[in-house]
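Encoded as structure tokens, the structure appears first; notes follow it.
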Amino acid sequence: MASPLRGGLIGCGFFAANHLHAWREVVGAGIVALCDSNPARLHATGDAFGIAARHADAAAMLAVERLDFVDIATTVPSHRPLVELAARHRVPMICQKPFAADLVDAVAMTDAATAAGVPLMVHENFRWQTPLRAVRQAIDAGRIGTPFWGRISFRSAYDVFAGQPYLAQGERFIIEDLGIHLLDLARFLFGEAVQITAHTRRVNPAIRGEDVATILLGHAGGVTSVVDCSYATRLAREPFPETLVEIDGSAGTLRLAQDYRLTIVDAGGAATSDVAPALRPWASRPWHNIQESVLNIQRHWAECLRTGGMPETSGSDNLRTLALVQAAYESAVAGRTVIPPSF
Ligand code: NAD
Ligand code: 89V
């Protein structure tokens, strides 16, 4: 049995506890050292998870710890310097989404990892959610024939700013933070997008960026899809953080509805199944769907490191998701359809 992979986690903020709980469940990998520039967060997290090796500075951590990978769970401004630092140490790295503030940084980061010869995975976890894997499996199994139209929707009034106050402060908000997951899902389910038209608006006067976006995508394989997201939508029953999906295909339709109900209609009739995520012992509703996907993507990373496989959401793959984010903002500002840069 190979010895467990030794990871160093950088960033002990709001979301990091999910990474740490999940790492405890990953067989053959674990976190042995922590880093945060905020000493209170560093020590609170170290105490909570019983991790003694603690560093205020990532360069110091990489200089003294023997690590098989780093897991970067900081916000965007630090992603490029931290990825380049890990690359200089030739340490494989996971980087949280959004991978980078722009494509120039993102390309530099993937180039740094490639030049160092180390794998880089973006922690793009929505496609690892159990209900969304079930959707993809149904498509792959041919249950609805060839998809020709789709909708990926996330509409909510959940107070996301309570846990992540920085989201209220940026010039950009919902496409960069949440739409990015949905655009990645559009690629995952329908293939690469070759044109994009976006409309955005801000409804909540207390934030700086847009909190509503409606995006029309044309995919290379012929699917037309709509990605729509809102944090200004008050519903009878709050669906956060469920992503709802509608797909029409040549032989049937598929609907992933609230409460994780997947209905497939084909020539034989309609069948509904429960595709709810598991509630991990450390997780809590309503976040358990996202929390389970963190475990799933981290297991995938450990498997890739062991086998030399390419992570599904490698840095180079994620350039194509970021290109859609950039193109969506460009379209919203210019008021026209944009062709995203291809990678
Ligand atoms: P946060 O601000 O709560 O935590 C970030 C932590 O990183 C802070 O404690 C900060 O002190 C530390 N930090 C920043 N720069 C550092 C540096 N150079 N060296 C060491 N420590 C540093 O942020 P968060 O809400 O936990 O989000 C972190 C990232 O996770 C963001 O990119 C966010 O978009 C992403 N996120 C992803 C999901 C998901 O489902 N994939 C969910 C929530 C957040
Ligand atoms: O992914 C994120 O950073 C989160 C959430 C899933 C709530 O959108 O903000």
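Residues of segment 165-193 that are more than 14 Å from ligand 1 (Cβ to nearest atom) and without any contact (Cβ under 8 Å) to a residue 40 or more places away in the chain: 171, 191. Take the residues in segment 64-82 that are part of a helix (DSSP H, G or I) and either near ligand 1 (Cβ under 8 Å from one of its atoms) or without any contact (Cβ under 8 Å) to a residue 24 or more places away in the chain (or both), then tell me which one is farthest from residue 96 (Cα to Cα). Checked segment 64-82; the qualifying residue farthest from residue 96 (Cα to Cα) is 64. In this entry, residue 338 passes the filter for residues that are among the β-branched types (Val, Ile, Thr), more than 19 Å from the chain's Cα centre (by Cα) and within 27 Å of residue 229 (Cα to Cα).
A search for C-beta distances below 9 Å between a residue of segment 29-44 that is free of Cβ contacts under 8 Å to residues at least 24 places away in the same chain and any residue that is within 6 Å of ligand 1 (Cβ to nearest atom) and aliphatic (A, V, I, L, M), counting only pairs 6+ apart in sequence or on different chains, returns 37/58.
Residues are listed down the side, and each one gets a yes or a no for (1) in contact with a Gly (Cβ under 9 Å, 6 or more places away or on another chain); (2) on the phi > 0 side of the Ramachandran plot:
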| residue | (1), (2) |
| --- | --- |
| 95 | yes, no |
| 108 | no, no |
| 119 | yes, no |
| 123 | no, no |
| 145 | yes, yes |
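Once segment 83-124 is narrowed to residues that are part of a helix (DSSP H, G or I) and small (Gly, Ala, Ser), the residue that is farthest from ligand 2 (Cβ to nearest atom) is 115. Among the conditions (1) more than 12 Å from ligand 2 (Cβ to nearest atom); (2) over 24 Å from residue 319 (Cβ atoms); (3) within 17 Å of the chain's Cα centre (by Cα), the only one that residue 188 does not satisfy is (2). One residue stands out in segment 131-181 among those that are part of a strand (DSSP E or B) and of a type in the set (D, E, K, R): the one that is nearest to residue 213 (Cα to Cα), namely 155.
Considering each residue of segment 214-243, count those that are within 16 Å of ligand 1 (Cβ to nearest atom), surrounded by fewer than 22 Cβ atoms within 10 Å (Cβ to Cβ) and either hydrophobic (A, V, I, L, M, F, W, C) or more than 23 Å from the chain's Cα centre (by Cα) (or both), and give that number. So the count comes out to 1. Selection within segment 194-213: residues that are within 19 Å of the chain's Cα centre (by Cα) and part of a strand (DSSP E or B). The member of this set that is surrounded by the most Cβ atoms within 10 Å (Cβ to Cβ) is 213. Of the residues that sit in segment 101-126 and are surrounded by 20 or more Cβ atoms within 10 Å (Cβ to Cβ) and within 29 Å of residue 201 (Cα to Cα), which one is farthest from ligand 1 (Cβ to nearest atom)? Once the filter is applied, the top-ranked residue is 106. If the condition is being within 16 Å of ligand 1 (Cβ to nearest atom) and either in contact with a Cys (Cβ under 7 Å, 6 or more places away or on another chain) or among the basic types (Lys, Arg) (or both), then segment 138-164 contributes only 154.
Of the residues in segment 242-254, at least one is of a type in the set (Asp, Glu), over 20 Å from residue 321 (Cβ atoms) and in a strand (DSSP E or B). From the list 189, 178, 185, the one residue that fits, being within 23 Å of residue 342 (Cα to Cα) and surrounded by 24 or more Cβ atoms within 10 Å (Cβ to Cβ), is 185.
All of the numbers you see were taken from the coordinates with simple rules; none came from a lab. Keep in mind it's a predicted model, so treat the numbers as computed, not measured. Virtual Cβ from ideal backbone geometry, glycine too; neighbours counted across all protein chains shown.
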